[in-house]
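Below you'll find the structure, written out as structure tokens, and then a few comments.
The values are calculated or read from the model by the stated rules, or taken from the named source; none is laboratory data. Values in this document were obtained by computation on a predicted structure and should not be read as measured data. Glycine gets a Cβ as well: all are built from the backbone with ideal geometry, and neighbour counts include every protein chain shown. What goes into the accessible areas is simple: the full protein's heavy atoms, side chains included, and nothing from ligands, DNA or RNA. Shrake-Rupley method; radii C 1.70, N 1.55, O 1.52, S 1.80 Å.
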Amino acid sequence: MNKVGIFYGPVGGSTERVAKRIAKEFGEENVELIPVHDATAADVERFQNIIFGCSTIGKATWQADAVKKDWNQFRSELANVKVEGKTFALFGLGDHLTYPFHFVNAMGEVATGLLEKNAKIVGRCSVKEYEFKESIAVIDGEFIGLPIDEDFEAEKTESRVKNWVVRLKNKFA
Ligand SMILES: Cc1cc2nc3c(=O)[nH]c(=O)nc-3n(C[C@H](O)[C@H](O)[C@H](O)COP(=O)(O)O)c2cc1C
């Protein structure tokens, strides 16, 4: 398997912790962890296997300045990335109890940009594993990536990450 680029943001919270957990599961030597706040299209181009991780802050859209700024900037970088021959996967932090109608929405926003470019996205997850009402991260009946709730289901994170990474290892080139 080629090296995996894990692009994540924000730093210093749950998203970073889960990004590191995912890295550990792949084996540190098989991944590079890159915060989105200083990542460019050229950084993404270096990888064939790419994971994006974000949290959802703000009910309908990203309201919190730091998250919004980091990811908005990075998403405009992504517009310049050639997706052909690359495989993408996404994970998203959220809170299914406080925000059941907007659960991990940001993961859906990131995915939408990729899908518009016909990017190959792997690692979708069944909605049956989660309790929530609505999410724009549900695309064609499945979560487009891995939802993680460190606020109210932290005890499930380890097994969720483990199972997801096993699946990704079979999908990444
Ligand atoms: C102001 C605020 C708004 C939030 N809005 C949402 C939301 O709309 N949907 C959701 O699933 N989680 C929401 N959350 C929960 C966060 O996504 C969750 O706590 C996440 O683990 C934060 O990750 P971070 O520490 O990396 O930013 C919100 C949290 C805060 C503080």
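Rounded to the nearest 500, what is the 222 nm mean residue ellipticity of the chain from helices alone, with -39500 (n - 2.57) per DSSP H run of 4+ residues and division by all residues?
Working: 5 runs with 59 residues, N = 173.
Computed ellipticity for the chain at 222 nm equals -10500 deg cm²/dmol.
Excluding the sites themselves, what is the longest stretch of the chain that contains no chymotrypsin sites (Phe, Trp or Tyr not before Pro) in a DSSP loop with at most 16 other C-beta atoms within 10 Å?
The longest uninterrupted stretch comes out as 1-100.
Go ahead and run the numbers for FRET between residue 97 and residue 45, Cβ-Cβ distance against an R0 of 35 Å, rounding to 0.05.
Efficiency at R0 = 35 Å is approximately 0.35.
Report, largest value first, the span of the C-alpha coordinates of the stretch 91-173 along each principal axis, in whole Å.
Sorted largest first, the three principal extents are 35, 26, 17 Å.
Looking only at the stretch 11-49, which residues have a backbone nitrogen under 15 Å from a spot 7 Å from the Cα of residue 120 in the C-beta direction?
The answer is 47-49.
At 7 Å along the Cα-to-beta-carbon direction for both residue 24 and residue 163, put a label point, then send me their distance in nm to one decimal.
Here the answer is 2.0 nm between the modelled labels.
Expressed as a whole percentage, what fraction of the accessible surface of the stretch 4-171 belongs to carbon and sulfur atoms when a 1.4 Å probe is rolled over the protein heavy atoms?
Details: 3840 of 7900 Å².
The C+S portion of the solvent-accessible surface of the stretch 4-171 is 49 percent.
Kirkwood Rh over Cα pairs of the chain into Stokes-Einstein at 10 °C, 1.306 mPa s: D in µm²/s? Can you show the working numbers first?
Numbers: Rh = 15.7 Å.
Estimated diffusion coefficient is 101 µm²/s.
Connecting C-alpha atoms closer than 10 Å in a GNM of the chain, tell me which of 36, 44, 81 has the biggest fluctuation.
81
Near residue 158, within a Cβ-to-Cβ distance under 12 Å, what is the net charge of the other residues, with Lys and Arg +1 and Asp and Glu -1?
Working: positive: 17, 21, 24, 156, 160, 162; negative: 25, 150, 153, 155.
Taking every other residue near residue 158 into account, the sum is +2.
Can you give the relative contact order of the chain as a percent, counting alpha carbon pairs under 8 Å and 6+ residues apart?
Values: 336 pairs, mean separation 40.3, N = 173.
Contact order relative to length: 23 percent.
Mind checking the stretch 76-127 for GluC sites (Glu not before Pro) that DSSP puts in a loop (not H, G, I, E or B) and that have at most 11 other Cβ atoms within 10 Å?
Numbers: sites: 77, 84, 109, 116; in loops: 84.
Listed in order of number, the matching sites are 84.
Restricting to bridges with both residues inside the stretch 4-171, how much of the DSSP beta-bridge set is antiparallel, in percent to the nearest 5?
On the way: 4 of 27 bridges.
Of all bridge pairs located within the stretch 4-171, approximately 15 percent are antiparallel.
Accessible area per residue, 1.4 Å probe, Å², for the chain: what's the number?
Numbers: 8240 Å² over 173 residues.
Per-residue value: 48 Å².
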